[in-house]
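Accompanying notes for the structure given below.
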Amino acid sequence: MLAVDVSQEHSDALSVKIHNILYPYRFTKEMVHSMRVLQQVDNKFVACLMNSETRQTASSDGHLLVLVDQHAAHERVRLEQLIADSFEASSEACEKQLRVSVVDPPIEVCVSEEEYRVLRTQAGSLRRVGLSLLFSDTGTPTVSVREIPMCFVEREANEIHRGRTPVVKKIVEEYLREQVQILQVPGAGCGAVPGTVLKVLASQACHGAVKFNQSLTLDECCYLMQSLAQCSLPFQCAHGRPSILPLADLHHMVPEPEVSPTPNLKRLRRRYRAWQLYEAGQP
């Protein structure tokens, strides 16, 4: 049995109907600050009411019902905290640089002639991104890495603790190739968290975040939402998945007007005739 005809000749009419019942929203940080926790749902989401009206005259009561992915939200909170903890103040130009850890013995990385030339000429600027390099004069394009970002060492320790294959050399090789590409484009990486570092921190944020099917108290839900509201990018997890999903706008859920029931005329006629007969039989 055909329930809905979505053929070409009927698609335009359907699209109009769908457009009329959908209300797109552009989330802002002010809206996240207005979230009021209702309860946890299925040990996976946190149901909240949010105010989408950012004007000062708007009511403070939330009217937009949203579901917050508890894993994605905590992952975002952890990622931004890990990023903040991975940098320290630098003595040069009041900039921040990545915290480093000394590697002993240094990690030997084979590079191309072009990569070797770029890294050697720009070795001083690489200190800001947590790399300290030594260059051999043997004619072989080999780089010795004696300092690396601390988060790489922490990732290596986690992998070894889980009984997995060491990954730090592979990460350092990827990081060097990334930096060579950045150095060849002036101003390409200024002020940004390097992609390799961000990927390592995102993995750490994921492993330590609240999981699905993990029960949270109301206070824990409230604290998680407060922490999410303080994030620079609260709308997606460390890997880019959305953290907030709108469900319904209470302003648009207007109850249908009550319709008076249609009188049963046939029954009324029958009762009227019975009353007439009764009246005719009375003395």
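Worth pointing out:
- Relative contact order (%) - the stretch 146-251, alpha-carbon pairs under 8 angstrom, separation at least six: 20
- Averaged over its residues, the stretch 78-123 has an accessible area of 66 Å² per residue, based on protein heavy atoms and a 1.4 Å probe.
- Legend: residues R36, R241, R155, sorted from most to least accessible area (1.4 Å probe; ligands, DNA and RNA excluded), read R36, R241, R155.
- For the stretch 117-201, relative contact order (Cα pairs under 8 Å, six or more residues apart, normalised by length) works out to 25 percent.
- On the basis of the beta-carbon distance and an R0 of 51 Å, L218 and Q184 show a calculated FRET efficiency of 0.45.
- Distant-in-sequence amide H partners of K211 (H built 1.01 Å from N, under 5 Å): none
- Cβ-derived FRET efficiency at R0 25 Å, H207 paired with R177, nearest 0.05: 0.50
- FRET E, pair I160, T121, Förster distance 22 Å, beta-carbon r, rounded to 0.05: 0.05
- Residues whose amide H comes within less than 5 Å of that of V100, counting only those at least five positions distant or on another chain, are M150 (H built at 1.01 Å from N in the peptide plane).
- Residue-level accessible surface for S112, protein heavy atoms, 1.4 Å, Å²: 50
- With the biggest extent put first, the Cα atoms of the stretch 137-283 measure 133, 39, 27 Å across the principal axes.
- Derived scalar couplings between HN and Hα for the stretch 68-81 equal 9, 5, 5, 6, 4, 5, 5, 4, 5, 4, 5, 4, 5, 5 Hz in order, rounded to whole Hz, by the Karplus curve 6.51 cos²θ - 1.76 cosθ + 1.60 (θ = phi - 60°), x for Gly and Pro.
- Distant-in-sequence amide H partners of Q236 (H built 1.01 Å from N, under 5 Å): S243
The values are calculated or read from the model by the stated rules, or taken from the named source; none is laboratory data. What you see is a predicted model, and the numbers here were worked out from it, not measured in a lab. We place every Cβ from the backbone using ideal geometry, glycine too, and count neighbours over all the protein chains shown. We work out accessible area using only protein heavy atoms, side chains counted, and drop any ligands, DNA or RNA first. Shrake-Rupley method; radii C 1.70, N 1.55, O 1.52, S 1.80 Å.
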